[in-house]
Amino acid sequence: MTAPLTPPHQQPPGNDPWQTNTGGSHPGPVEEAPAMKKDLRDAVLVALAVTLAGVALGLLWLWLAPKVPLIADDKAVFLKDTEGEEAIGGDGTFILLALGFGALSAAAVFLFRRKGGIALVAGLAVGALLGSVLAWRLGIWLGPNQDVVAAAKAAGKGVTFDAPLKLDAKGALLAWPIAAMAVHLGLTALFGPRDPDPLWQVPPLEDPGPGRPDSAGL
C-alpha cells in the first residue's frame, strides 16, 4: 500500500476537505448586539402594552361582576340575600375575564412576532401579571365605597346598597399570565417557524491525477 505523496502537515492551508466555512466572518458579539437590543425593546413594548390592557380588564370586571346587596339597621350591616352567590361571583368573573385576556394577549404577541424568544415571553408574563394587578386595583377604586359603615349611613336604615368590590382569592391574579403562557406556547409549537435541518456536506474525493498511484491501490 502506498502512502500519500504529501504529508498532512505540509499540505497548503485552505485545502482541508472537511472545512465547512470557506470564507466570510464568524458572527460575534458585535453582530449579536443589535439583535439582543431589538429583543429587549420588543419585550419592553409587549410588557407595556399588555399592562395597559389591564385597564380594560378592570372596567369589564367592574361592569360584569355581580353586585352584592347589603342592608343595615341600627346595629349592624347584613347581607340582604344570605343564600346568594354574588359574594363569590366577583372572583369567578375576574378569573374568566383574565383567562380570556390571556388568550387574546398571547395571540396578539404571537402575531406581532412569530419568532418569539425568551425576552418576548418574559415581557408577556410580566405584563400579564402587572395588568392583573392594575385591573384589580382599578376595579376596587372605581367600585362601590370601601367603607361599609359610611355607605350604610349614606344609604339609610333598611335601604339596600352595594357591597365593595373585592377579590378574595388573590391567586386569581395569576390566571392571566398562566393563560398567556399556555396559549403562546401552543401557538409557537403549532405555527411557529421551524429551524432548518442541518446540511451535511461530504467533500469530494481528491483525484490522484495521471501518473500518480491511487492511495487505495496495492
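Can you find even one residue in segment 129-139 that is over 15 Å from His184 (Cα atoms), part of a helix (DSSP H, G or I), without any contact (Cβ under 8 Å) to a residue 60 or more places away in the chain and over 13 Å from the mean Cα position of the chain (by Cα)? No, segment 129-139 contains no residue that is over 15 Å from His184 (Cα atoms), part of a helix (DSSP H, G or I), without any contact (Cβ under 8 Å) to a residue 60 or more places away in the chain and over 13 Å from the mean Cα position of the chain (by Cα). All of Lys170, Lys157, Lys153 fail the test of being within 25 Å of Pro69 (Cα to Cα) and at pLDDT 85 or above, apart from Lys170. Against the conditions (1) in a helix (DSSP H, G or I); (2) surrounded by fewer than 19 Cβ atoms within 10 Å (Cβ to Cβ), Arg114 satisfies every one except (1). Quickly run through segment 162-179 and pick out the residues that are under 26 Å from the mean Cα position of the chain (by Cα), without any contact (Cβ under 8 Å) to a residue 40 or more places away in the chain and not in a helix (DSSP H, G or I). Within segment 162-179, no residue meets the criteria. Here the condition is being at pLDDT 60 or above, assigned to a strand (DSSP E or B) and surrounded by 11 or more Cβ atoms within 10 Å (Cβ to Cβ); of Leu52, Leu70, it holds for Leu70 alone. In the set (1) in a helix (DSSP H, G or I); (2) closer than 17 Å to Val183 by Cα; (3) open to solvent by less than 70 Å² (accessible area, probe 1.4 Å), Leu99 fails one condition alone, (3). If the condition is being within 18 Å of Gly100 (Cβ to Cβ) and free of Cβ contacts under 8 Å to residues at least 24 places away in the same chain, then segment 57-79 contributes only Trp63. Taking each residue of segment 98-110 that is farther than 20 Å from Trp61 by Cβ and looking for partners that are crowded, with 21+ Cβ neighbours inside 10 Å with beta-carbon atoms closer than 7 Å, six or more apart or interchain, yields Val109/Val46; Val109/Leu120; Val109/Leu124; Val109/His184; Phe110/His184. Reported count of residues in segment 139-186, each being of a type in the set (Phe, Trp, Tyr) and surrounded by fewer than 15 Cβ atoms within 10 Å (Cβ to Cβ), is 1. Within segment 26-44, the residues that satisfy the criterion of being open to solvent by 90 Å² or more (accessible area, probe 1.4 Å) and either in a loop (DSSP other than H, G, I, E, B) or at pLDDT 95 or above (or both) are His26, Pro27.
The values are calculated or read from the model by the stated rules, or taken from the named source; none is laboratory data. All of these numbers come straight from a predicted model, not from anything done at the bench. Neighbour counts are summed over all protein chains in view; Cβ atoms, including those assigned to glycine, are modelled from backbone coordinates with ideal geometry. Ligands, DNA and RNA are stripped out before the accessible areas are found, and what is left, the full protein with its side chains, is counted by its heavy atoms. Shrake-Rupley method; radii C 1.70, N 1.55, O 1.52, S 1.80 Å.
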